[in-house]
Amino acid sequence: MAALAARDIHAPFAVQAATLPDVLAGENVLGRARTGSGKTLAFGLPMLARLATTGAARPRQPRGLILVPTRELAQQVNDVLAPLTRALGLWMTPVYGGTSISRQISALRRGVHLVVATPGRLTDLVERDACLLDEIDITVLDEADFMCDLGFLPAVKALLDMTPADSQRLLFSATLDREVEVLVRSYLPEPVLVAVDPEVSQVSTLTRHAMESVDRNAQLRLITALAGGAGRTLVFVRTQRDADRVAQALTDGGVPAEPLHGGMPQGARTRALAGFTDGFYRVLVATDVAARGIHVDGISLVLHLGPPEDAKTYQHRGGRTARAGADGADVLVTVPAERGKARSLLRAVGIPTQPVPTSPDDPLVVELAGPPAPPVDPATITARRQRGDGRREGGRRDGGGRREGGFRDGGRREGTGREGGHRRGGPSARTGADRDGARHRVDGPRVDGHRPGSRPARSFTRPAPRIEPQPTPGG
């Protein structure tokens, strides 16, 4: 309670009040609530309360597991729960690709109560015998619908099969459809449903707008005008190349901006998010895969460069602002060729508006942008970016010797059912941690696990991982 009070948390949100009693009672819980409603603490608080009664952490045998779809969300969940784990004397470690696997192995060997993991890296650790799941007491699947959309369903099912069949399981998702139902039927017997919001719900503090530019150049000028205020702005794009292009255009215009996408090494993704959080970058230009589930306080404006793939993606994007009762605005910026798709999208989510021709000096643009911020010399922005160790290198090797992060095709589309180079609902062309940031595209049908014309899979014995010296806890 003291740790919560230190963060100015004194009363539960609706999803937390609805969830806590059932989780504490040991029930399997199926939770549905809109993004930004407080789901992390809804499962985190009772989970930690239960783990606090399990005794000392044992080597390689965590008692709690939280599975999430992306690296950024894994780190965010870890950051939210870290003060609470310390208050209870528990040990926790995040596990995801793009970071040193040997350090994760070392942490697991020392013993942790709770692991926050992406499916790919956890699979790799299990295959290396560095992590055992047969002592798991409670498992959480966060953003379950997105994990299924990204094609993680086979990996998630394999991991759940390794946990005790009678252990407690919690599944949280904004939507409960398609593959999510498969998980519920197979792994959550007699669940308690906690649904504090309908699957398509509007946030009362969020205003939505649709604007149309005459062409792509005018669209970029309009985005620049909207993002020119002093507040934090999140711009969503479809491809990695768009993210790089728009971030550079904003930077050239004096607006500190940074891209965030799966083609960047993990260190660069972390620095981009940190720079956005601390306010140096006023704009983050992100693909859907990279930004799914992340939370940054004070995002006042969400912009869409063209209509997203579907209505669910549109809803999730808008959920990055107007969180926890704060005000926010969501603006869809299209061109005439996208008019039909934009109208269908807005109609599908029940928004009574249509794209309106808009220029950068329109009074509504000035109102949404807010007080203008002084321009920043592009050289200053570029200098900070270049101080990072190789954001443009297209990937770096992790502690296990595998190259991760950095797709070969800088313009490949993200957010359309692939994460780390595999197709929605299909098997990955790579195994283990490679699913979290694989470098190559997967094109065409596969035969016996690999594409025609590609090199067949090789069988080899994995060398024992090198364990790096670690600081003492708290060091």
request  = Might you let me know whether segment 55-70 holds any residue that is out of contact with any helix residue (DSSP H, G or I) (no Cβ under 7 Å at 6 or more places or on another chain), surrounded by fewer than 18 Cβ atoms within 10 Å (Cβ to Cβ), in a loop (DSSP other than H, G, I, E, B) and not aliphatic (A, V, I, L, M)?
outcome  = yes
message = I'm trying to understand the selection: among the residues of segment 71-96, which are surrounded by 23 or more Cβ atoms within 10 Å (Cβ to Cβ) and within 19 Å of ARG269 (Cβ to Cβ)?
response = ARG71, GLU72, LEU73, ALA74, VAL77, PRO94, VAL95, TYR96
message = Pairs please, first residue from segment 177-189 and in the same structural domain as LEU30 (by TED's automatic domain parsing) and modelled with pLDDT under 90, second anywhere and part of a loop (DSSP other than H, G, I, E, B) and acidic (Asp, Glu), Cβ atoms under 6 Å, 6+ apart in sequence or on different chains.
response = none
message = Being modelled with pLDDT of 95 or more and assigned to a loop (DSSP other than H, G, I, E, B): is that true of LEU133 here?
response = yes
query = Would segment 89-103 turn up any residue that is assigned to a loop (DSSP other than H, G, I, E, B), of a type in the set (Phe, Trp, Tyr) and closer than 21 Å to THR54 by Cα?
reply = yes
ask   = Of everything in segment 33-65 that's in contact with an Asp or Glu (Cβ under 6 Å, 6 or more places away or on another chain) and either among the aliphatic types (A, V, I, L, M) or within 30 Å of SER300 (Cβ to Cβ) (or both), which residue is modelled with the lowest pLDDT?
value = ARG34
note = Being crowded, with 16+ Cβ neighbours inside 10 Å and part of a helix (DSSP H, G or I) narrows LEU332, LEU346 down to just LEU346
Out of ALA268, ALA337, ALA257, ALA243, sole residue that is farther than 19 Å from GLN76 by Cβ, modelled with pLDDT of 85 or more and either touching an Asp or Glu at 6+ places or on another chain (Cβ under 9 Å) or not assigned by TED's automatic domain parsing to the domain that holds THR380 (or both) = ALA243
inquiry  = Exactly one condition in (1) over 18 Å from LEU171 (Cα atoms); (2) free of Cβ contacts under 8 Å to residues at least 24 places away in the same chain; (3) outside any loop (DSSP other than H, G, I, E, B); (4) of a type outside the set (S, T, N, Q) is false for LEU84; which is it?
reply    = (2)
request  = Mind telling me which of the residues ALA274, ALA243 ends up being assigned to a helix (DSSP H, G or I), farther than 16 Å from ASP330 by Cα and touching a strand residue (DSSP E or B) at 6+ places or on another chain (Cβ under 6 Å)?
outcome  = ALA243
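The values are calculated or read from the model by the stated rules, or taken from the named source; none is laboratory data. The shown structure was predicted, so the numbers you read here are calculated from the model rather than taken from an experiment. Ideal geometry is used to build each Cβ from the backbone, glycine not excepted, and the neighbour counts take in all protein chains shown.
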